[in-house]
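Everything on this sheet refers to the single structure shown next.
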Amino acid sequence: MRNSIFLLLFAICCITAVAFRFEKPPKVFSIQIPKKWPRPVYDFSKNPLTEIGFELGRKLFYDPILSRDSSISCASCHLQYTGFTHVDHAVSHGIDGRKGTRNTLALINLAWQKSFHWDGGVTNLETQAINPLQHTAEMDNSLSAVIKRLNASSNYPSLFEKAFGKKEITTSNLMKALTQYTVSLISANSKYDKVSRKEKGIFFTEQEKRGLKLFDAHCNSCHTAPLFTNTLFASNGLKIDSLLKDTGRFAITGFPGDSLNFKIPTLRNIEFTFPYMHDGRFKKLKDVIHFYSEGIDYQSPYLSPHLKDRKHFTEIEKKDLLAFLYTLTDKEFLYNPRFSFPR
Amino acid sequence: MQQLIFVFFLVYFSVISFSQNERSIQFVPVFQGKKVELSKKYESDGNWIQFESLRFYVSTVSISGEKSTWQDPNGAHLIDLEDSLSLFISHDAKNGNRLTFNIGLDSSTNVSGIMDGDLDPIKGMYWAWNTGYINFKLEGFSSESMLPDKHFEFHLGGYLFPNATIQAVEIPLDSWQDRIVVELELGKLLPNLPWQSTPSILIPGKDAVKISKILPTLFQLPSDEK
């Protein structure tokens, strides 16, 4: 008799425990799409964002457990204060069938991008992170080793269970968690945005206004507002780099016309994402403007038609453009505690 | 009581294993008519070859007959010579005179996000920097390889025009059998491989397309059934 009472109690405990677990599935939220922006490209239906999934992705992003000697994390190269890019130096790469050095890309408004990397070789944000995990030049860790290490860790299995309902950590859950974080990195609170939204008391200076005009005339066809990229590829007239002879998009598509075509990067937070271009050849933003004024290789057969009309900027115009580009800085994004190292 | 449980399990497992074998398509890689064993040295005409790995994706399998068509509800299967269970695809057709499938994966599978099971990138059939799946992978050593260590690796993939490598295979089934055995004669592939120029293909492109086009000719019914 005593036994059966115990059994009954035990059964009740089990049932309530199970019921409790099913009672609160993680709460789903959606990203805030800024007003008048296009619809995001990323398919959230297969990876609904949850607070707990986002926090898990954030933890992983900052955790060196993902690299073999536990020395570097995603954040080692993608620093929040600099628009999630790596300032100072270009990063070396050496992947199957391709060798090169590429400058770290900023991680900004990724939800609106159709393809990733300077050559667009990655077609889905979810699979992008396999690159840094597998890559000898980067985190030098094979996928299965990472999965094994995470499964053996003391804290991750239960965090994954909370986020995805499954204790076992798989490639897909790892990638989905990281994506929940990176896809949420939205920057839409720069001075430019506030002026566009006609927020009270925020206006462009005369210089910024002149810069905007120049930008609309000469840059916006590629660096199209509000994303400040049209998410396509182009050759902006840079000469091929002498060291690595990176041909960009051509390596992916094999179309000769795609030679020297690179991803048109966003210019949001451009003040802080130096050095510039796929190989980081320009250290300063004024060097970039000088390039568009004086440095374009007009002989190149690959030069985009958008840049074929020669445009020489006067010194004043250069300063105006620069002033406008600074209005794309979004300090709320760069210092948003929600994106920073989790405590 | 214990005996009863034992008998139960015995019956249970035999039913399971029986039903697995009952209706299936089995892929049998052969070399010059003999079942391929990995890491075994095969000699012929003064040359030798040793296979270390053979893996490929099979997708959209169907068996059609006069009256009915069976379509595989499971998207894609990774056939891996190292994993003997993976060589079987179970089916549910009662009759049919035509087996069709694709070697490789269609473009929408290639651009979808991260996936599980046979499509998990951890299976080593995924290119991360030029995202997409490797449709067919053959690796090993051969006296014909120009590389000093005699290694060869053919990773055939690519889904974008004009470098798409997915191939359709159609095999007429003359007499119906619930267990369909399909051989994959590697001997037909070897003379067509670029041993001297590129015994290591690791990217999509013309070379991968050229070899992929030969793949459908490798698939055949065992000769005693023809």
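Overview of values
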quantity: q = 0.09 Å⁻¹, chain B: log10 I(q)/I(0) [Debye, one scatterer per Cα]; calculated: -0.41
quantity: Those aspartates and glutamates that a straight Cα-Cα span of less than 15 Å connects to A:K35, excepting residues fewer than 8 apart in one chain; calculated: A:D193, A:E199
quantity: Chain B: angle of helix B:2-22 to the longest principal axis, Cα-based, in degrees nearest 10; calculated: 50 degrees
quantity: Ranked packing of A:102-112, A:210-220, most packed first, by mean Cβ within 10 Å; calculated: A:102-112, A:210-220
quantity: Proximal lysines relative to A:K167, as straight alpha-carbon distance under 16 Å, when same-chain residues fewer than 8 apart are discounted; calculated: A:K148, A:K176
quantity: Projected area, mean over directions - the range A:191-331, Cα convex hull, nm²; calculated: 8.8 nm²
quantity: Peptide-level mean, for A:172-184, of C-beta atoms on other protein chains within 10 Å; calculated: 2
quantity: Fraction of beta bridges assigned by DSSP in the protein assembly as shown that are antiparallel (%, nearest 5); calculated: 85 percent
quantity: Förster radius 51 Å - calculated FRET efficiency between B:D92 and A:N230 (Cβ-Cβ, nearest 0.05); calculated: 0.55
quantity: Inter-chain shielding of B:161-167 (mean C-beta neighbours from other protein chains, 10 Å cut-off); calculated: 1
quantity: Scattering profile of the range A:23-187 at q = 0.12 Å⁻¹ [log10 I(q)/I(0), Debye over alpha-carbon scatterers]; calculated: -0.53
quantity: Protection proxy ranking of A:184-190, A:43-49, A:170-176 - average other beta-carbon atoms within 10 Å, highest first; calculated: A:170-176, A:184-190, A:43-49
quantity: Per-selection metrics, the range A:171-262 (Cα): Rg and Dmax in Å; calculated: 18.7, 52
quantity: Residue-normalised accessible area of chain A, given per residue in Å² at a 1.4 Å probe; calculated: 51 Å²
quantity: Entries in A:K27/A:K162; A:K191/A:K308; A:K286/A:K311 that, when Cα-Cα distance is taken, lie over 20 Å; calculated: A:K191/A:K308
quantity: Separation in nanometres of the label points that stand 7 Å from Cα toward Cβ, at A:S70 and B:E37; calculated: 4.4 nm
quantity: Relative contact order %, chain B, counting alpha carbon pairs below 8 Å whose residues are six or more apart; calculated: 23 percent
quantity: Residue-averaged [θ]222 nm for chain A, counting only DSSP H segments that reach four residues, each worth -39500 (n - 2.57); calculated: -10000 deg cm²/dmol
quantity: Sum of side-chain charges, A:P34 neighbourhood, beta-carbon under 12 Å (Lys, Arg +1; Asp, Glu -1); calculated: +4
quantity: Kyte-Doolittle mean at least 0.5, axial Cα span of 24 Å or more - DSSP H helices of chain A; calculated: A:2-23
quantity: Partner chain coverage, peptide B:114-124 - average Cβ within 10 angstrom; calculated: 6
quantity: Virtual paramagnetic centre 7 Å along Cα→Cβ of A:E51, amide N under 17 Å, in the range A:25-41; calculated: A:25-32
quantity: Anchor B:K213: aspartates and glutamates whose Cα lies under 20 Å away (excluding residues fewer than 8 positions away in-chain); calculated: B:D106, B:E139, B:E153, B:E170, B:E183, B:E185
quantity: Pairs of alpha carbons in the protein assembly as shown whose separation is greater than 34 Å (percent); calculated: 52 percent
quantity: Buried solvent-accessible surface, both chains (A, B), 1.4 Å probe, Å² to nearest 100; calculated: 1900 Å²
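The values are calculated or read from the model by the stated rules, or taken from the named source; none is laboratory data. Since this is a predicted model, take the numbers as computed values, not measurements. So basically every Cβ, Gly included, is an ideal-geometry build from the backbone, and we count neighbours across all protein chains shown. When the accessible area is computed, the model is the full protein with side chains, heavy atoms only, and any ligands, DNA or RNA have been set aside. Shrake-Rupley method; radii C 1.70, N 1.55, O 1.52, S 1.80 Å.
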